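The values are calculated or read from the model by the stated rules, or taken from the named source; none is laboratory data. For clarity, every value in this text was computed on a predicted model and none was experimentally measured. These accessible areas exclude ligands, DNA and RNA; they are computed on the full protein's heavy atoms, side chains included. Shrake-Rupley method; radii C 1.70, N 1.55, O 1.52, S 1.80 Å.
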Amino acid sequence: MAELKRFRNPKTTQDIVQKIQEIATKAGQVRICHVCGTHEWTITHFGLRSLLPSNIEVIAGPGCPVCIVPVAEIDQAIELAREGKVITCFGDVLRVPGSQATLIETKATGADVRVVYAVSDAIEMAKKEPKKEFVFSAVGFETTAPITATEALGELPPNFSFLVSHRLIPPAMEMLLGVEDLQIEGFIAPGHVSAIIGLKPYELFTKVYQMPTVVAGFEPNDVLMAIYMILKQHHTNDARLENEYARVVKPEGNKKALKAIHRAFTVTTGHWRGIGTLDNSALQLRNNLAQYDARKKYHLKLTQSKDAPSDCQCHQIIVGKIKPHQCPLFLKTCTPAKPVGACMVSSEGTCRVWAKNVT
C-alpha cells in the first residue's frame, strides 16, 4: 500500500504533469512508443493521455504476448486437440483466433482443452493421467519464458510437451523504427521484461538509433515520469538509456532466469501476428530437449495463414499506426464478448483495454 500511495500520489502527479507541460512548450510534435500491455492499461485506465499537452503523443506497440501469437501456431494447437491430445493453456489463449476456429470453439466440439494457472498445473495433470498426451501452449515474452525453461530443464513425464510461442521484445522494438509513416521519438521499455533481461539489450536504441529509451514501472507516476525523462532527453538532443524502474529492474537483469532461458532455448526467426517474420525474435527448445518439443514430437507442419479478416485492423493497431476506435469493427462486430481480432482477446490487448476503459 505504501508503494501504491507513493506512485499514485496526486500531488506528485500534478508536479510531473507540470514539468511535462513546461518542457513540451519547447518541443515540436513528439511521439513516444511503449511496448507493454500493462503500460497501455495504466495509461488508458488512469486517463494519462488527457493530462499530456496536445503535441505529446503516446502510442501502443506490440506489447501483448497473446495478441502476436501467429494464426499458424494457434492452428497447430487446434490440430493437436482434434487428434486427441490434451491442450493446456492460460485462459486468454482460448479465444485467440486461428484460421478457422479458436481453442474454445474446438473444446465445444468435444476436444480436451484445459485452462491452467501455471505450467506446473499442466505437468501434474500429465503425471496423474499417463495414458493421455498433454501439450502446454507456452505463450509470452521474456517475462514468462524463464518459467517454461525451468520446467523444461526439470523432471518431466514422457507424455508431456511444449508448444512454444515465446517471443523477444527488443527485435520488435527495432522493427518499429523501420515502419513506414511511423515516426517515433522515444521508447518506454517494458518493466516486466526488463526485470528479466536488464538494460543491455536496449543499448542498441540509444547508441545506433539515437533513440531516448526509458525503462518504466506500471503505476501512473512511473509512466508520467518516463515521459518526462524522454522529453528531457529529446530537448537536450542527448539520447540515453535510463531506468525509472530501478526499484525492480537491475542493470544485469535476473541472472538466474537468463541462465535458465539460455540452457533451455535457442534464439530463432519467428513470425508475429500483425507484423510478419522477425529475425532473432523467437525461442525454441534446444535439441537435447527435443522430446518435449510438440512440433518435433508430433511432426507438425507450419503453414502461414491470414492474420485476421480483411476488415480487421489489428495489424495497424499492433504497430501503433492507428488507435482502436479507428478500426471499423471496434465495438461493432468485434467486442470483448466476441472478439474478431487478437487485440480484443487478452486483457493486455490494446483494443480490449480501450473497450473496457475508454468507451
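The P(r) of the range 217-309 has a tail past 22 Å containing 59 percent of all C-alpha pairs. In the frame of its principal axes, the range 87-227 has Cα extents of 56, 35, 29 Å, reported largest first. Taking a quarter of the surface of the Cα convex hull of the range 245-359 gives a mean projected area of 10.4 nm². From the Kirkwood radius over Cα pairs of the range 1-157, Stokes-Einstein at 10 °C and 1.306 mPa s returns a whole-number translational diffusion coefficient of 84 µm²/s.
Provide Rg over Rh for the range 40-112; use the alpha carbon set for both Rg and the Kirkwood Rh (inverse mean inverse pair distance).
Values: Rg = 17.7 Å, Rh = 14.5 Å.
Expressed as Rg/Rh, it is 1.22.
The base-10 log of I(q)/I(0) for the range 155-313, evaluated at q = 0.12, 0.21 Å⁻¹, reads -0.67, -1.33 [Debye formula, identical scatterers on Cα atoms, solvent excluded].
Cα-based values for the range 1-67, radius of gyration first and Dmax second, are 13.5, 39 Å.
Sorting Tyr202, Tyr209, Tyr117, Tyr245 on solvent-accessible area from highest to lowest, probe radius 1.4 Å, gives Tyr117, Tyr209, Tyr245, Tyr202. Here the Debye sum runs over all C-alpha atoms of the range 248-295 as equal scatterers in vacuum, and log10 of I(q)/I(0) at q = 0.15 Å⁻¹ comes out as -0.55. If one takes the longest principal axis of the Cα atoms in the chain, at what angle in degrees, from 0 to 90 and to the nearest 10, does the Cα axis of helix 119-128 lie? Once rounded, the angle reads 10 degrees. Spatial offset of the range 1-63 relative to the range 99-168 amounts to 37 Å, using the alpha carbon center of each. The fraction of Cα-Cα pairs per 10 angstrom bin, counted from 0 for the chain, comes to 5, 24, 32, 24, 11, 3, 0 percent, rounded to whole percents.
Stokes-Einstein at 37 °C, 0.692 mPa s, Kirkwood radius from Cα pairs: D for the range 75-154 in µm² s⁻¹? Show your work: numbers first, answer last.
Details: Rh = 13.0 Å.
This corresponds to a translational diffusion coefficient of 253 µm²/s.
Output needed for the range 112-179: three equivalent-ellipsoid semi-axes, defined as square roots of 5 times the C-alpha gyration tensor eigenvalues, in descending order, whole Å. Please report the intermediate quantities before stating the final value.
Values: eigenvalues 177, 27, 16 Å².
Equivalent ellipsoid semi-axes, largest first: 30, 12, 9 Å.
Each Cα pair under 8 Å and six or more residues apart adds its sequence gap; the mean of these over the residue count of the chain is a relative contact order of 23 percent.
Per DSSP H run of n ≥ 4, the term is -39500 (n - 2.57); total these for the chain, divide by its residue number, and report the mean residue ellipticity at 222 nm rounded to 500 deg cm²/dmol. Walk me through the numbers before you get to the answer.
Values: 15 runs with 130 residues, N = 359.
Result for the chain: -10000 deg cm²/dmol, rounded to the nearest 500.
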